[in-house]
Amino acid sequence: MNTEILKGKKVLVVDDEPDVIETLVEALDMCRTESALDFSSARRMLRRNHYDGAVLDIMGVNGYGLLEVAIENKIPAVILTAHALSADNFKKAVRGGAHAYLPKDKMFEIPEYLAELITSGRDRDKKSGRWFTKLSPYYDNYFGSDWKKGDPEFWHDFKDIFKFSREELEDVL
């Protein structure tokens, strides 16, 4: 994915770990980034400012609460997490409106995922599912090969929320 689209875009990064914020801001050096270390600051920023995208941690900053605020303010958001990396949190993030649910050990790839989020934001019907196509083997390994077998209602909705080519659907679902 070409990350040129990120040049000059305004992105909010929220995490309670300053070193994570520093790493993300450095990775997103082509963007105009702002950051917050806590829920209150991030909520205030999401409500007062326009952002082209937001990167939200879950633990330590009430990321799901921030996701709600982002959605209310029409700010596309991705969840980036380490401690809350689970199949249940994956589903909760997707159901909550996240454009992607990403493991923190992939944070160096965040420009690619944000570029996809911003590019797909032009298509209001469906969000891009390329992040999931790329990370599906990772999740299969991390959550176990059967993690997609339960909750058929979720996976039906998932296919309606995210855009996939026919080949991608066959490979990942």
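The values are calculated or read from the model by the stated rules, or taken from the named source; none is laboratory data. Only a predicted model underlies this, so the values are computations on that prediction, with no experimental measurement involved. Cβ sites come from the backbone with ideal geometry, for glycine too, and all protein chains shown count toward neighbours.
Evaluation of R32 against the conditions (1) over 23 Å from E112 (Cα atoms); (2) touching a residue at least 12 places away in the same chain (Cβ under 8 Å); (3) surrounded by fewer than 15 Cβ atoms within 10 Å (Cβ to Cβ) shows that the sole unmet condition is (1).
Please determine, by comparing only the residues of region 59-80 that are closer than 17 Å to P18 by Cβ and crowded, with 23+ Cβ neighbours inside 10 Å, which one is nearest to the chain's Cα centre (by Cα). Step by step, filter region 59-80, then rank; the result is L80. Please find, among V61, V69, V13, the residue that is assigned to a strand (DSSP E or B) and aliphatic (A, V, I, L, M). Testing whether each residue is assigned to a strand (DSSP E or B) and aliphatic (A, V, I, L, M) leaves just V13. Within region 21-58, being part of a helix (DSSP H, G or I), closer than 18 Å to L102 by Cβ and touching a strand residue (DSSP E or B) at 6+ places or on another chain (Cβ under 8 Å) holds for I21, L24, V25, A42. The residue that is modelled with the lowest pLDDT, among those in region 119-132 that are buried (at least 18 other Cβ atoms within 10 Å of the Cβ) and outside any loop (DSSP other than H, G, I, E, B), is S120. Applying the criterion of being surrounded by 14 or more Cβ atoms within 10 Å (Cβ to Cβ) and not in a helix (DSSP H, G or I) to the residues of region 136-155, the residue that is modelled with the highest pLDDT is W147. Of all residues in region 54-70, those being out of contact with any Ser or Thr (no Cβ under 8 Å at 6 or more places or on another chain) and modelled with pLDDT under 95 number 1.
Matching residues to (1) within 16 Å of the chain's Cα centre (by Cα); (2) among the β-branched types (V, I, T); (3) modelled with pLDDT under 95:
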| position | (1), (2), (3) |
| --- | --- |
| I5 | no, yes, yes |
| K10 | yes, no, no |
| I21 | yes, yes, no |
| V25 | yes, yes, no |
| E34 | no, no, no |
| L37 | no, no, no |
| S40 | no, no, no |
| M45 | no, no, no |
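Kindly indicate whether any position in region 91-113 is surrounded by 15 or more Cβ atoms within 10 Å (Cβ to Cβ) and modelled with pLDDT under 90. Scanning region 91-113, I find no residue that is surrounded by 15 or more Cβ atoms within 10 Å (Cβ to Cβ) and modelled with pLDDT under 90, so the answer is no. Looking only at residues of region 156-173 that are in a loop (DSSP other than H, G, I, E, B) and touching a residue at least 12 places away in the same chain (Cβ under 8 Å), we find that the one that is nearest to A84 (Cα to Cα) is L173.
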